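Heads up: the structure comes next, in structure tokens.
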Amino acid sequence: MFIQTEPTPNPDTLKFLPGQEIAPVEPLDFATPEAAEGSLLARELFAVEGVVRVFAGADFVSVTKAEGVDWVHIKPAILGAIMDVLQSGKALFASDAGDEAVEYEGEAAAIVKEIREVIDTRVRPAVAQDGGDIVFQAYDEATGVVSLHMRGACAGCPSSTMTLKSGIENLLKHYVPEVTAVEAVV
């Protein structure tokens, strides 16, 4: 099995492309070893000393290392863990009911639908190329503020704040005039 590796804009995150489907339904973000409890793949990656975050996209895995850890020292172990898990034939992730979504009504529901469409069609495909993901978290109808969750390579990326404010906020304001600002949530 050959696993291609690509850098991301976040120097602490590498994107691993094993040439097969990883998370076909929805990207999954594991910010801590505790969050990885239901994932064989994420658990094995967190077992590599120096790994601090795992993000599984449709056909890639982004792995974030701790500051001060050199990729030269942990990359072989990460490649081995990914290869072992994929070749085991076991389920990569436990089935999960997912997060509870907030229900919006009336005009707010229409606005949220527009926001989600812009994010899903214009933002997520672009950031997925860099090994990350940005998902809608909430919309405050009173203030016009959109809250987004940065995942994968986007979480902790030095350029994510600029991307969020200069790129995504301007894009959303253009397509959805009710949006006044965009903020990242943890």
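Which ones in the stretch 38-65 are touching a residue at least 60 places away in the same chain (Cβ under 8 Å) and of a type in the set (Ser, Thr, Tyr)? First the steps, then the outcome.
To start, the set of residues in the stretch 38-65 that are touching a residue at least 60 places away in the same chain (Cβ under 8 Å) comprises 53, 55, 57-58, 60, 62, 64.
Correct list: Ser62, Thr64.
Restricting the stretch 138-186 to residues that are polar (S, T, N, Q) and crowded, with 17+ Cβ neighbours inside 10 Å, which is farthest from the chain's Cα centre (by Cα)?
That would be Thr163.
Just checking, does the stretch 14-37 include any residue being among the hydroxyl-bearing types (Ser, Thr, Tyr), under 14 Å from the mean Cα position of the chain (by Cα) and surrounded by fewer than 18 Cβ atoms within 10 Å (Cβ to Cβ)? Break it down into steps so the answer makes sense when it comes.
Let us first name the residues in the stretch 14-37 that are among the hydroxyl-bearing types (Ser, Thr, Tyr), namely 32.
From the residues that got through so far, the ones that are under 14 Å from the mean Cα position of the chain (by Cα) too are 32.
If we keep only those that are surrounded by fewer than 18 Cβ atoms within 10 Å (Cβ to Cβ) too, we end up with 32.
So far as the stretch 14-37 goes, yes, one or more of its residues are among the hydroxyl-bearing types (Ser, Thr, Tyr), under 14 Å from the mean Cα position of the chain (by Cα) and surrounded by fewer than 18 Cβ atoms within 10 Å (Cβ to Cβ).
May I ask you to list the residues in the stretch 19-61 that are among the β-branched types (Val, Ile, Thr) and assigned to a loop (DSSP other than H, G, I, E, B)? Quick ask: steps written out before the conclusion?
Step one: of the stretch 19-61, the residues among the β-branched types (Val, Ile, Thr) are 22, 25, 32, 48, 51-52, 54, 61.
Those that are among the β-branched types (Val, Ile, Thr) and assigned to a loop (DSSP other than H, G, I, E, B): Ile22, Val25, Thr32, Val48.
If we scan the stretch 63-78, do we find a residue that is at negative phi and modelled with pLDDT under 90? Full working, then the answer.
Here is the first cut: in the stretch 63-78, the ones at negative phi are 63-67, 69-78.
This time we only want the ones that are modelled with pLDDT under 90, so: none.
No - not one qualifying residue is present in the stretch 63-78.
The values are calculated or read from the model by the stated rules, or taken from the named source; none is laboratory data. None of these values were measured; they are calculated from a predicted model. Positions of Cβ are generated from backbone atoms using ideal geometry, with glycine treated the same way; all protein chains shown enter the neighbour counts.
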